[in-house]
């Protein structure tokens, strides 16, 4: 990867980068501090914002991801303008996270889109600023249509009784909005829009924008479930997005292949949210993929990025697969794992050409991702359950997913049968023991091989 | 159950599986396979000891550790069950992680190994389309099982060449066979065990005839047929 040339003095740039990262980290901590203050309650600031478990989860996660991504950007490009634009993207995403209704959500996407397009220009991409801005604001039409169709109700669970489901037309409009957003983020600046690909430095920001796209569906589930036809359409369109990402990874140039990974994760999240109304397990799986998929935004560009991301998202894939079987989508359950393996390996080729050195936010993200995959119990109980509980309007109570703190997590039906079991902690122990023994064996073999090589040469 | 007791039960059940049977034995078997079936263009002047030392010294630790863990949790006949159930997805995902770790350390030119591997994963996942859960059981019955088993064998034949490349590749080859055998996609008992030398023999033949690509294509066709057949059956 050729990073952009530094424009200011290294000391100033490092200082600005640190200030920017520190500000974003502080903001993430402030959001985290709201968790004990809320105590499971939601705060409504009508008609603009609504703070609930789902918003807090993604508001914090996106701010932390932005901090990790902005740090190297600001260090290379100088703090001032980069910092402001990062702040604009962050503001847009936060407005989305805590949006009270569809109109505010659309405004959040517009802000984030403007921020990303200006950042593309700032980073020297070949796509013109006006063209990029037009492309990234294009999905807004789908959001406006969605707001008109639905009447922009508040993203709040029904006060009592059962909510009226979202009609198929609303589900189609929402899916189009998500797919448009993800596609625009995927295409602009990647070279697929008929222009030469811009600087690779912008890819993490576009990846964050793409991976945040399915959040619209999660927000809608806070209010009401999908109409059965709408749920089926979501699964279909989600699988199409996954396969399109796979196809793009297979046929595209290195840089586009790199972006296809995030696009396919969006497809899996759409499938998960589609199934979620019939199986709450899928809502947990989709939220997992969206959350842990963010690790790819931070670690991408490294040699081990896809492997780490695959490890991180695999519990989410497991949940979506089992939920698909529960609801009769056998083909989804079968295809998700092979598709993700294929995708990760195809995207790996980009790694060899754009490999970059380690930097500390990436190291932290990689470590946290692996810990989350080995101890999914903690993520499920402390992070995902409150977030899925917030989707009370469309997702039922999560009763089948149980955790065994010592070994892993399993699905237990009301009849007591266990259709799926993931001993993630137990497998982590097996890999650790095996790895330790292999390390010592390798050391011994290397020494012995050196000695035999030396003897052969002496002879 | 208290979490610490659950963890220690798992660890106690895992240790003999990891270091003795099936994990330890399979790992030694994989080393022997990698040693005895070198790639045609490898240096034949090296002694066996020399080659063995080089295989171990150049082993990809994360890839081999993942596949070793997968081999040790296989629900093979004659092995006492683990205290915590393990489903099909878990076994396949950890074996797939070993594949990813191997590819991470590789260059673009070795990508041909990818297709038979993914065909095998597809074949091994196919029977779940006709089920309600991922937990391994007497799933692969009838024509789905035969098709999936045949796809796995074809995939293994296609992967024969990769076995001499490294210890982790050979271990993964054995792991795929082990998963198919443990999940009853291959015949039970002695007939099932005979499929191992059969796959090796066919793989050797395919290498001689340079048919590995066609065999990989056959694996894909069989795996897709298994999936389609499973989809046609009502879930149960």
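All of the numbers you see were taken from the coordinates with simple rules; none came from a lab. Small disclaimer: the values here were computed from a predicted structure and weren't measured. Methodologically, a virtual Cβ is constructed for each residue, glycine included, from the backbone with ideal geometry; neighbour enumeration extends over all protein chains shown.
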Simple spin-label model, 7 Å along Cα-to-Cβ: residue B:210 to residue B:21 in nm? 4.4 nm
Averaged over A:317-328, number of beta-carbon atoms from partner chains that fall within 10 Å: 3
Mind checking the full-extension length gain between residue A:44 and residue A:414? Use 0.36 nm per residue of separation minus the Cα-Cα distance, one decimal, nm. 129.7 nm
Can you give the direction-averaged projected area of the convex hull of the alpha-carbon atoms in region A:262-331, in nm²? 4.2 nm²
State the Kirkwood hydrodynamic radius of region B:5-76 in Å, one decimal place, computed from all pairs of distinct Cα atoms. 13.8 Å
Based on Cα coordinates alone, diagonalise the gyration tensor for region A:367-459, multiply each eigenvalue by 5, take square roots, and list the semi-axes in whole Å, largest first. 47, 14, 9
Long-range Cα-Cα pairs in the protein assembly as shown (distance over 37 Å), rounded percent: 38 percent
What is the Cα coordinate range of region A:420-459 on the first, second and third principal axes, sorted by size from largest, in whole angstrom? 59, 15, 5
Roughly how crowded by other chains is peptide B:21-31, in terms of the mean Cβ count from those chains within 10 Å of each of its Cβ atoms? 1
Taking only the alpha carbons of region A:13-64, what extent do you get along each of the three principal axes, in Å, biggest first? 41, 24, 14
Once you place label points 7 Å from the Cα toward the Cβ at residue B:28 and residue A:397, how far apart are they in nm? 5.4 nm
Hey, what D do you get for region B:172-229 in µm²/s if you plug the Kirkwood alpha-carbon radius into Stokes-Einstein at 4 °C and 1.567 mPa s? 103 µm²/s
Run lengths n ≥ 4 of DSSP H only: what is the helix-derived mean residue ellipticity at 222 nm for chain B, with -39500 (n - 2.57) per run over all residues, to the nearest 500? -22000 deg cm²/dmol
Cα pair distances exceeding 12 angstrom across region A:136-184, given as percent: 64 percent
Pop the C-beta distance of residue B:5 and residue A:441 into the FRET formula with R0 = 41 Å and round what comes out to the nearest 0.05. 0.85
Taking chain B, the equivalent ellipsoid from its C-alpha gyration tensor has semi-axes in Å, biggest first, of 28, 24, 15
Determine, for A:237, A:246, the number of other Cβ atoms within 10 Å of each Cβ, and report the residues in order from fewest to most. A:237, A:246
Förster radius 22 Å - calculated FRET efficiency between residue A:381 and residue A:37, Cβ distance, rounded to 0.05: 0.65
Cβ neighbours within 10 Å from other chains - mean over B:118-131: 5
Between the alpha carbon centres of region B:144-204 and region B:46-116 the gap in Å comes to 14 Å
Expressed in whole Å with the largest first, what are the equivalent ellipsoid semi-axes of region B:86-201 derived from the C-alpha gyration tensor as the square root of 5 times each eigenvalue? 23, 17, 11
I need the fraction of alpha carbon pairs in region B:51-97 separated by more than 18 Å, rounded to a whole percent. 41 percent
Taking the Cβ-Cβ separation of residue B:228 and residue A:251 as r and a Förster radius of 35 Å, what is the calculated FRET efficiency to the nearest 0.05? 0.90
If you look at just the Cα atoms of region A:218-324, how large are its Rg and its Dmax in Å? 14.0, 43
If all Cα-Cα distances of region A:310-439 are sorted into 5 Å bins from 0 onward, what percent lands in each bin, rounded to whole numbers? 2, 8, 14, 18, 21, 17, 10, 6, 3, 1, 0
